[in-house]
1. Taking the Cα centre of the range 154-302 as origin, sum charge times position over the Cβ atoms of Lys and Arg (+1) and Asp and Glu (-1), and report the length of that vector in debye to the nearest 20.
2. Please list, in chain and number order, the residues 5+ apart from VAL198 or on another chain whose amide H is under 5 Å from its amide H, with Hs placed from the backbone.
3. Residue separation times 0.36 nm, minus the C-alpha to C-alpha distance between ARG187 and ARG12: what's the value?
4. If you take every DSSP beta bridge whose two residues both sit in the chain, what share of them, in percent to the nearest 5, is antiparallel?
5. Tell me which of ILE228, SER79, PRO31 sits at the most positive position along the dipole axis of the chain, charges placed on C-beta atoms (Lys, Arg +1; Asp, Glu -1).
6. Round to the nearest 10 and give me the degree value, 0 to 90, for the angle of helix 289-302's Cα axis relative to the longest principal axis of the chain.
7. Can you figure out the FRET efficiency of LYS203 with ARG262, using R₀ = 22 Å and their beta-carbon distance, to the nearest 0.05?
8. With 5 Å bins from zero, work out the P(r) of the range 154-302 over every alpha carbon pair and list the percent per bin.
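Readers should treat all values here as calculations from the given coordinates under stated rules, not as data from a laboratory. Computed from a predicted structure; not experimentally measured. A quick note on method: Cβ atoms are made from the backbone with ideal geometry, for glycine too, and the neighbour counts reach across all protein chains shown.
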Amino acid sequence: MPDGLAMTPVDRAQRYLLYGSERYALAILRPVQEAIRARGDEAAWFFDGPGAEDLVAGERLLSVSEVRAWDARAVITPSNAVPHFFPGVKVETFHGFDAGKPRHIYIRGFFDLYCTTGPRDTVQFQALADRLGHFSVIETGWPKLDPFLRGIAGPLPPVREPPVILYHSTFSPAWSAAEILYDEVKRLSREGRWRWIVTFHPKMAADTRARYEALQNEYLRFAHDDNILDLFGQVDMMCSDTSSALNEFLLTGKPVVTFRNRRPGPQLIDIQEPGQFEGAIERALQRPPELLEAIHAYGDMIHPWRDGRASERVLQAIDSFIAAGARNRRRKPWNLWRKFKIRHRIRYWGPV
């Protein structure tokens, strides 16, 4: 049985702990909270990093001691690790799609169950589960997308006049194009042919963020939205680099222009030099049929679930795992150093 798992009596509401290490956990796990409540069950939150300050009325935040006493049926998190001494089945829901960066697959020995987003990830994680034996894999789709997918049902809307472009960049200097494309974004955003919305990863360098914020004018807005999905319906295309957010955007069926993407394919218009940027945007806004077909095929590979019910499937996956005995073939590794680091992070040195 997983570390700390205590089976909940059937005569009381089931309890689930939603665990976050960054603010983006709110956008990923709030749909799960909604699905839990729709069942008549209870959800509470624990954060070991930013995010707790953004909880709203009706959302319950627990301390470490309260978590242990609350005795959740499962701990659901997009983080790569979780305290092994928290009660419940440990469930990983992921914090983004594989964008081609190194180490998308983290197997750190903390989780009983991985809820994968689509066939591409399911195949990779299942192969590891078969070899390692200390976790299970069930494909559910990604909860973060539930409200978004329900909201974009229907045909692809026509391009606006003037078109609106979303510019988004990852934060890592090795992967980000924000500094390289700054002059082009500045120039194009002053011509008035297109409108721009700019948003960055929360960890983007402060000086880069400040440079783009200073570009704001009647044609460019810098967005501080916590959930980038809220911006997707406001734009006609996206420009990016090697950010996992571009995979989320492709599920809208709209084009993406990337700069030196680490895993380019027919679903992207990828460029190598800043001088190609304007022409690539013009092509994307024309929406060539072969590009739209490639985007649709790619979406089916990374997230074929378009019904907006991934959160319900995550809960069903937990039900199935527990009904099957809540056990995997092998015990999880000892993980002593990582367990120590988590204790230090949440400042808990009490008993397991």
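1. Here the size comes out at about 140 debye.
2. Correct list: TYR167, ARG221, PHE222, ALA223.
3. 56.9 nm
4. 5
5. SER79
6. Rounded to the nearest ten degrees, it is 10.
7. Working from the Cβ atoms, E equals 0.75.
8. 2, 10, 21, 25, 23, 14, 5, 1, 0
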